[in-house]
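Worksheet: the structure to be examined is printed underneath.
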2 protein chains.
Amino acid sequence: MLKQAGKEAFVYESVIDHVRGMIAHGALMPGDKAPSLRKLSKQLKVSITTVNQAYRHLESAGVLEARPQSGFYVTALAENAPETPARSRPGGKPREIRFAQLFKEVFSLANDPDVVPLGAAKPSMELMPAKALSRTYRSLAGRLEQRGIDYCFPPGYGRLRSELARRYAQAGMEVSAEQIIITSGATEAIALSLQAVAKRGDIIAVESPVYFSVLRLLERMGLRILEIDTDPETGICLDVLENALDTMDIKALLTVPNYNNPTGSLMPDERKQRLVEMLCGRGIPVIEDDIYGDLHFGDERPSLVRHFDTTGNVITCSSFSKTLAPGYRIGWIVASNHYEDLVEWKQAMSSATATIPQYVVADFLRSGDYDRHLVRLRKAYREQVEKMRFMIGKAFPDGTRVTNPEGGFVLWVQLPDRGDSLKLFNMAIQEKISFTPGLLFSSTRKYRDFIRINCGFPWNHDIEQAILRLGELVHRLPDES
Amino acid sequence: MLKQAGKEAFVYESVIDHVRGMIAHGALMPGDKAPSLRKLSKQLKVSITTVNQAYRHLESAGVLEARPQSGFYVTALAENAPETPARSRPGGKPREIRFAQLFKEVFSLANDPDVVPLGAAKPSMELMPAKALSRTYRSLAGRLEQRGIDYCFPPGYGRLRSELARRYAQAGMEVSAEQIIITSGATEAIALSLQAVAKRGDIIAVESPVYFSVLRLLERMGLRILEIDTDPETGICLDVLENALDTMDIKALLTVPNYNNPTGSLMPDERKQRLVEMLCGRGIPVIEDDIYGDLHFGDERPSLVRHFDTTGNVITCSSFSKTLAPGYRIGWIVASNHYEDLVEWKQAMSSATATIPQYVVADFLRSGDYDRHLVRLRKAYREQVEKMRFMIGKAFPDGTRVTNPEGGFVLWVQLPDRGDSLKLFNMAIQEKISFTPGLLFSSTRKYRDFIRINCGFPWNHDIEQAILRLGELVHRLPDES
């Protein structure tokens with residue numbers, strides 16, 4: 001009996017070792033489904049009960065997770081999980097920005113089909129419902145005719161605005177269709193918002209690191225930037241922000257509270273609440289960029305900052321470019337105090353947003369197709385992020401730090417020994433591998449030892465090889481510490 | 001024999017009187033086809049030869065014109081042709097602009113289907129090839145799939161840029177696809193151009209009167225405006241402009257040289273040449289808005305200002321919003337010295353232009369459908385403008401002055417006795433008739449006695465009644481002179 005129990009325990013351990021081994025060798029990666037109980041029981045010649053017990057053990061160790069009606073999956077916290085980077089400390093001075101040349105190089109690589117696309121934060125179009133959308137397009141283009149070619153003046157198509165309001169309501173947030181303005185993507189939404197609240201020379205506070213397109217926009221508009229310390233898990237550091245508000249004439253905060261690009265940080269509700277009290281209490285507008293808000297890995301959609309606002313001073317910007325069809329150029333603004341002014345800015349700067357894409361997206365939302373698509377998309381992004389994180393942990397040297405986001409599809413990676421990501425960029429480009437050097441995410445010279453990795457593409461052999469190769473290149477970087 | 005000749009001469013006169021009578025009573029309007037020789041010969045019981053002689057006489061008198069393979073048409077210069085307004089004299093000071101409220105009213109009326117649409121400079125969608133475009137749309141949406149939903153980054157779709165370059169070449173102008181940037185309509189094109197050449201507080205010279213959306217844009221951007229005297233036939237007065245350039249720090253000229261809105265003026269080539277020498281010689285950029293350039297009533301397309309430039313300092317803006325499909329939001333910029341900078345402005349402000357509309361328009365251009373459509377459209381606009389001009393001459397009091405444009409689809413009307421167009425606007429709106437009061441076309445208080453009439457809609461009973469009614473209302477306006 002004892003012997004039997006001992007043998008069973010040995011067998012049970014060997015199943016555990018087998019699974020851990022598959023993970024260590026990359027045969028099983030985060031997000032992958034573990035072999036079924038039946039399959040592994042056959043393969044290892046042990047009972048299904050034993051495999052089940054081993055899986056349960058791995059589950060309690062955080063290596064596997066059970067998903068209802070589906071089986072066991074390798075979690076993101078599997079072996080080789082690297083540490084996350086420390087909170088940023090950009091230093092407290094407002095700055096002007098100059099970066100045009102490096103921007104250009106990174107952008108030109110984004111469209112080169114021969115380069116492994118780890119650079120721009122761009123999802124693969126394979127993940128998007130191209131067929132379903134073009135069916136909707138075809139059917140609408142015929143039905144709309146004259147309406148389809150006519151202007152659809154700001155604030156934009158009413159039914160699309162209602163559908164957006166309905167989705168916010170489903171997520172527990174009160175937004176009315178009369179607060180929404182349709183724009184040509186989130187980029188235009190943010191550009192209009194900045195124009196509405198600030199003028200040349202004004203100081204705008206942002207997270208540090210900050211998405212480089214924001215830097216480029218602020219640079220063009222002649223705005224000065226104040227980068228605030230940011231925690232890669234909880235977002236902008238409120239004490240540092242408060243201190244800045246007390247000592248400087250800050251005109252607005254521009255923030256990505258949900259799954260920040262590049263850090264992936266998610267600001268907890270109580271921090272959003274405090275943020276709103278701090279800024280709106282001083283009459284300073286908050287522009288929140290929520291383009292990643294729908295891409296939560298867990299079940300719950302995070303709140304908007306505006307959800308905690310009672311003063312009407314929050315401007316929310318978003319789009320369908322990361323979730324549905326970047327080429328449609330459909331974004332939007334939710335605004336209260338600034339609504340009328342923003343409608344006029346929209347009219348003045350671009351007259352209107354393209355008509356048919358507004359109708360197509362409205363139909364796609366109303367049919368429920370968008371919500372069904374999002375379920376699949378979130379799962380895909382989650383798996384891709386987890387696999388990438390795992391693979392970086394495996395391929396990069398010890399001391400590499402990687403963020404652990406709960407949504408979105410980018411990773412922010414700190415190289416060990418202050419490794420120079422610009423040197424790495426030039427080496428990687430020779431081998432047709434792109435990523436975004438950390439230098440681009442700040443007006444300071446910080447983040448030179450960081451890189452941002454795009455996980456918007458389904459995992460494949462090329463990406464795996466690119467990351468392995470990138471790891472080898474990092475190993476070769478000189479120690480700059 | 002003499003008697004017979006006398007009788008024939010009498011009959012011949014009576015045919016002429018008959019036709020003049022039809023025109024005077026509005027049974028025949030400018031652009032209408034006169035009855036066929038056969039028909040009138042039957043109706044008046046005279047010989048075909050006599051009718052033909054009478055028509056030839058009316059042709060030499062400028063009342064009718066013969067069109068090959070088609071017959072005789074009533075010309076714009078028929079009876080009741082009013083005088084054109086005198087050259088404008090806005091006074092020589094740069095000004096700031098404040099007009100938001102009146103803009104809003106005019107805009108909200110533009111979308112009210114119950115109002116006779118003589119307000120916004122907006123063509124009827126009935127004139128646009130909605131069916132043909134949606135066929136192209138449907139076929140493309142299916143074929144493109146992933147490409148259709150993906151970004152199409154600046155400078156925009158290459159084949160569309162090539163097609164645009166080809167059309168310029170056909171019109172005798174050298175423009176390369178590498179000089180073209182696709183934008184979200186001409187509004188964005190102009191907004192980006194202004195951002196590239198000027199900043200808050202700078203002075204921009206414009207024609208006076210000037211299209212009110214330009215005023216709104218300059219107001220929003222904090223730019224100061226310098227309105228230059230303008231002749232309703234030949235455009236901006238070069239001597240006045242030169243004097244301003246000598247005495248003020250003007251950052252750019254923003255001009256509509258071809259079929260200006262509202263005056264319809266067309267700058268002759270030698271004036272374009274001198275304009276370019278004057279401005280580009282001083283290193284001052286010219287932004288030319290050519291959205292009406294394809295809408296010439298005669299056979300020849302007018303030249304761009306850039307055609308005469310050798311310095312690379314002209315930025316040309318245009319779109320398909322007045323000729324094809326405003327709802328597609330497809331415009332473009334042609335630039336030389338400012339090209340790189342404008343590409344970056346486009347990226348910074350709106351990332352990209354909607355993808356599928358770019359493909360649809362490219363196909364539509366390449367197939368030759370666009371050129372065929374333009375032939376019909378120009379004829380329609382011409383007839384509408386001529387009918388409107390005739391009807392205003394008939395319905396409005398003596399002393400009314402009306403422009404006589406050779407392209408586009410708006411008329412600029414000066415009321416007699418300094419009649420107050422704002423009073424007229426409030427009276428007309430009660431009766432569901434819209435137009436744009438002259439006050440909106442200047443930062444000065446000039447043009448209060450002007451109105452702009454949109455001729456973008458096919459002539460119909462409602463429009464005819466609206467103009468007759470408007471004429472009655474003008475008769476009732478108090479003399480303010």
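Rule-based calculations on the coordinates, nothing more; no lab input. Please read all numbers here as calculations on a predicted model, not as lab measurements. Every residue, glycine among them, receives a Cβ derived from its backbone with ideal geometry; neighbour counts consider all protein chains shown.
Which trypsin sites (Lys or Arg not before Pro) from the range A:391-481 combine a DSSP loop assignment with at most 14 other Cβ atoms within 10 Å? Working shown, then result.
On the way: sites: A:Lys394, A:Arg401, A:Arg418, A:Lys423, A:Lys432, A:Arg445, A:Lys446, A:Arg448, A:Arg452, A:Arg469, A:Arg476; in loops: A:Lys432, A:Arg445, A:Lys446, A:Arg448.
Sparse-neighbourhood loop trypsin sites (Lys or Arg not before Pro): A:Lys432, A:Arg445.
Between the range B:11-39 and the range A:285-316, how many Å separate their Cα centres? Rounded to whole Å, the Cα centres lie 69 Å apart. A straight Cα-to-Cα reach below 18 Å connects A:Lys45 with the aspartates and glutamates A:Glu8, A:Glu13, A:Asp17, residues fewer than 8 places away in its own chain not being considered.
Please return the longest range in chain A lying between exposed loop sites, taking GluC sites (Glu not before Pro), DSSP loop only, at most 11 other beta-carbon atoms within 10 Å, and leaving the sites out. The longest such stretch corresponds to A:301-481.
Candidate membrane-span-like segments in chain B, meaning DSSP H helices with Cα atoms spread over at least 27 Å of their own axis and a Kyte-Doolittle mean of 0.0 or above, are B:2-24, with no membrane implied.
The calculated 222 nm mean residue ellipticity attributable to helices in the protein assembly as shown amounts to -14000 deg cm²/dmol, summing -39500 (n - 2.57) over DSSP H runs of n ≥ 4 and dividing by all residues.
Relative to its Kirkwood radius, the Cα radius of gyration of chain A gives an Rg/Rh of 1.00.
How about the range B:120-210: which trypsin sites (Lys or Arg not before Pro) there lie in a loop by DSSP and see at most 14 other Cβ atoms within 10 Å? Before the final figure, lay out each step's value.
Working: sites: B:Lys131, B:Arg135, B:Arg138, B:Arg143, B:Arg147, B:Arg159, B:Arg161, B:Arg166, B:Arg167, B:Lys199, B:Arg200; in loops: B:Lys199, B:Arg200.
For trypsin sites (Lys or Arg not before Pro) across the range B:120-210 that sit outside H, G, I, E and B with at most 14 neighbouring Cβ atoms in 10 Å, the list reads B:Arg200.
The stretch between B:Thr310 and B:Glu145, if pulled fully straight at 0.36 nm per residue, gains 55.1 nm over its current Cα-Cα span. Copy-to-copy label distances for B:Ala86, where each label lies 7 Å from Cα along Cα-to-Cβ, are 7.8 nm in order of increasing length.
Over all distinct alpha-carbon pairs, what is the Kirkwood Rh of the range A:168-234 in angstrom? In the range A:168-234 this quantity evaluates to 13.9 Å. Taking 0.36 nm per residue of separation and subtracting the current Cα-Cα distance, fully stretching the chain between A:Glu242 and A:Glu472 would add 78.5 nm. Summary for B:Thr247: label point 7 Å along Cα→Cβ; distances to the equivalent points in the other copies, ascending, 5.1 nm.
The calculated FRET efficiency for A:Glu178 paired with B:Glu277, based on their beta-carbon distance and R0 = 51 Å, is about 0.45. Note on the range B:221-323: the C-alpha convex hull projects to 6.9 nm² when averaged across all orientations. With its label point put 7 Å out from Cα toward Cβ, B:Gln273 sits 7.5 nm from the same residue's point in the other copies, in order from shortest. In this simple spin-label approximation, A:Asp462 and B:Arg366 carry label points 7 Å from Cα along the Cα→Cβ vector, and these lie 2.5 nm apart. Sites listed here are trypsin sites (Lys or Arg not before Pro) in the range A:290-345 whose DSSP assignment is loop and whose Cβ has at most 10 other Cβ atoms within 10 Å, and the list is empty.
Per-residue Cβ counts within 10 Å, from other chains only, averaged over A:351-361: what number is that?
Working: counts 12, 7, 6, 12, 7, 11, 8, 1, 1, 2, 0.
Mean shielding by partner chains, rounded to a whole number: 6.
Relative contact order of the range A:299-456: 14 percent, from C-alpha pairs under 8 Å at least 6 residues apart in sequence. Among the listed pairs A:Lys93/A:Lys322; A:Lys272/A:Lys423; A:Lys251/B:Lys104; A:Lys122/A:Lys446, give every one whose C-alpha distance is greater than 26 Å. Violating the 26 Å Cα-Cα cut-off are A:Lys93/A:Lys322; A:Lys272/A:Lys423; A:Lys251/B:Lys104. In the P(r) worked out for the protein assembly as shown, what percent of Cα pairs fall beyond 47 Å? Cα-Cα pairs in the protein assembly as shown separated by more than 47 Å: 35 percent.
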